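S.K.: Below is the structure I would like to discuss, written out as structure tokens.
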Amino acid sequence: MTNFDHLFSSYAIRLNSPTFNRPVDLSNKLKIISFAGGLPDPSVFPVNEIAEISQLVLQTNKTKSLQYSQSEGALSLRENLQVFMKEDGVSINADQLMITTSSKQGLDILSRLFINPNDIVFTEKTTYTGAIQVFKSYAAEICGVPMDGDGIDTEQLERMIKKYVQQRRSIKFIYIIPDFQNPTGITLSLERRKRIIQIAERYNLILIEDSPYRQLRYEGVSQPSLIELDSDRVISINSFSKILAPGFRIGWIAGPKHLIKKAILAKRLIDICAPPLNQCILSEFLKRGSLQSHLKKLISGYKIKRDLMLECLAKDLRCIEGVNWARPHGGMYIWLVLPNFISCKHMLQEATQQGISYIPGNKFDPKETSFNAMRLCFSMQQTDQIVEGITILSKIIKSNIVRNVI
Ligand SMILES: Cc1ncc(COP(=O)(O)O)c(C=O)c1O
């Protein structure tokens, strides 16, 4: 095999770093109960309706659905998304929306638009692995800010920004997952939402809000999205992946018109347009109001799973010193924290040998620490597997704690 290593760009060379190793996800392997990947429950995909709509779209609109389309996305889908966002309190025009090939592409495009090598970007201390990877691929320096039960610590955020400003470093944006955060499940309080906006204004930074779980709320009251609070400075990344089906690979970004215009230019160079057939199907799905009824189904099923996983954890791990978890009000994840002498990264090998997988905390930390925590996804497994999986995992955790204490 001829070696081309010397020809690689600095981008390709960065992809060799351990950051870009795939988190262990054995969900496709037989006999593994996987709490690892953030996958929606495929048994709830509305297959029949999607099949029916696909046929209708192909019969009535074959030119729009099978031809190249405009880079900003089909107008009908953007108009239906405008209505969807309006129902969530966000008033924007169709020209403030661009359809993406899912939210991962939204992250990539925004990184291309803003990040030069060594620029600083701020995130929560633990955040979506995919975002860490994308920002690092453009050679950003990621600064993770500690969190508590109300979300990112805004006092520390401002202190850290000030420090970099004094050092004359170039700071570009704050990236936040405000609702049922990946991986912690935490929701940002209203007070902190307002504070982050003030901070972004004071230092003239972009605020990127990534909220693919926002509609999956099982209790409590919804907080206004950041883009509702400030449509001038916030770019919101959204997706159908968690609320319908990731296989569509369709998402959208919303934000100030002049930034969306730039994003459209970047998208044109990447893939011209998001799949037009999928855009037509989703547009019809939204127009019929089917997303709302699908969400009701998802929410009632996921709430049962969340409650069950919390119940199993309480039964097996309550009262063990150093073990704790928070009750997420929505989303797909429970963040389980263990005593600080336990490495969830090392324990994963033992867990997989016993048929369980999860994602260790270090994968969500830009500095790759946070070893004594793991993310458990409750949406994908069925209830029997949640009970069996947490029972096995709890035994492993308890035996690791005993072994390390002795
Ligand atoms: C916070 C967050 N953003 C973006 C994504 C990427 O989703 P997609 O590209 O499927 O829309 C995920 C996936 O887990 C996520 O958790």
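The values are calculated or read from the model by the stated rules, or taken from the named source; none is laboratory data. Owing to the predicted nature of the structure, the values given are computational and were not obtained by experimental measurement. Glycine also receives a Cβ, built like all others from the backbone with ideal geometry; neighbour counts cover every protein chain displayed.
S.K.: So which residues in the range 146-191 are within 14 Å of the ligand (Cβ to nearest atom), in a loop (DSSP other than H, G, I, E, B), in contact (Cβ under 8 Å) with a residue 40 or more places away in the chain and not charged (D, E, K, R), if there are any at all?
M.R.: Ile177, Pro178, Phe180, Gln181, Asn182, Pro183, Thr184, Gly185, Ile186, Thr187 - these are the residues of the range 146-191 that are within 14 Å of the ligand (Cβ to nearest atom), in a loop (DSSP other than H, G, I, E, B), in contact (Cβ under 8 Å) with a residue 40 or more places away in the chain and not charged (D, E, K, R).
S.K.: Related question: Considering only residues that are assigned to a helix (DSSP H, G or I) and more than 16 Å from the ligand (Cβ to nearest atom), which ones fall in the range 58-79?
M.R.: If the condition is that a residue be assigned to a helix (DSSP H, G or I) and more than 16 Å from the ligand (Cβ to nearest atom), then Leu58, Gln59, Thr60, Lys62, Thr63, Lys64, Ser65, Leu66, Leu75, Ser76, Arg78, Glu79 are the ones that fit.
S.K.: So Gln82 clears everything in (1) in a loop (DSSP other than H, G, I, E, B); (2) modelled with pLDDT of 95 or more except one condition, right? Which one?
M.R.: Going through the list (1) in a loop (DSSP other than H, G, I, E, B); (2) modelled with pLDDT of 95 or more, Gln82 breaks only (1).
S.K.: Looking at the range 238-260, which of its residues are without any contact (Cβ under 8 Å) to a residue 40 or more places away in the chain and over 30 Å from Lys296 (Cβ atoms)?
M.R.: Listed by number, the list holds a single entry, His258.
S.K.: Continuing with this model, one more query. Can you name every residue in the range 220-260 that is touching a helix residue (DSSP H, G or I) at 6+ places or on another chain (Cβ under 8 Å), at negative phi and of a type in the set (D, E, K, R)?
M.R.: Asp230, Arg233, Lys257
S.K.: OK, next. So in the range 235-269, with the set limited to residues that are among the basic types (Lys, Arg) and either surrounded by fewer than 20 Cβ atoms within 10 Å (Cβ to Cβ) or away from the ligand (no atom under 16 Å from the Cβ) (or both), which one is farthest from Ile196 (Cα to Cα)?
M.R.: Checked the range 235-269; the qualifying residue farthest from Ile196 (Cα to Cα) is Arg268.
S.K.: Within the range 205-216, does at least one residue satisfy the condition of being on the phi < 0 side of the Ramachandran plot, assigned to a helix (DSSP H, G or I) and of a type in the set (Phe, Trp, Tyr)?
M.R.: No - not one qualifying residue is present in the range 205-216.
S.K.: Could you count how many residues in the range 152-193 are surrounded by fewer than 24 Cβ atoms within 10 Å (Cβ to Cβ), small (Gly, Ala, Ser) and within 21 Å of the chain's Cα centre (by Cα)?
M.R.: 1
S.K.: Right, next: Inside the range 320-357, can you point out the residues that are part of a strand (DSSP E or B) and hydroxyl-bearing (Ser, Thr, Tyr)?
M.R.: Matches in the range 320-357: Tyr333, Ser357.
S.K.: Hey, any hits in the range 216-228 for a residue that's outside the structural domain of Ile334 (by TED's automatic domain parsing) and within 13 Å of the ligand (Cβ to nearest atom)?
M.R.: yes
S.K.: I'm told Tyr213 meets every condition in (1) within 11 Å of the ligand (Cβ to nearest atom); (2) closer than 21 Å to Leu295 by Cα; (3) touching a Ser or Thr at 6+ places or on another chain (Cβ under 9 Å) except one. Can you identify the failing condition by its number?
M.R.: (3)
S.K.: Right, another one. If I ask for residues that are surrounded by fewer than 20 Cβ atoms within 10 Å (Cβ to Cβ) and either of a type in the set (Lys, Arg) or free of Cβ contacts under 8 Å to residues at least 12 places away in the same chain (or both), which ones from the range 75-90 would you list?
M.R.: Those that are surrounded by fewer than 20 Cβ atoms within 10 Å (Cβ to Cβ) and either of a type in the set (Lys, Arg) or free of Cβ contacts under 8 Å to residues at least 12 places away in the same chain (or both): Lys86, Glu87.
S.K.: What are the residues in the range 165-193 that are within 29 Å of Lys303 (Cβ to Cβ) and basic (Lys, Arg), if any?
M.R.: Arg192, Arg193
S.K.: Related question: May I ask you to list the residues in the range 91-112 that are touching a residue at least 40 places away in the same chain (Cβ under 8 Å), part of a helix (DSSP H, G or I) and either more than 28 Å from Ile142 (Cβ to Cβ) or of a type outside the set (D, E, K, R) (or both)?
M.R.: Matches in the range 91-112: Asp95, Gln96, Ser103, Gln105, Gly106, Leu107, Ile109, Leu110.
S.K.: Still on this structure: Filter the range 86-136 down to the residues that are of a type in the set (Gly, Ala, Ser) and within 15 Å of the ligand (Cβ to nearest atom), then identify the one that is nearest to Phe248 (Cα to Cα).
M.R.: Going through the qualifying residues, I end up with Ser102.
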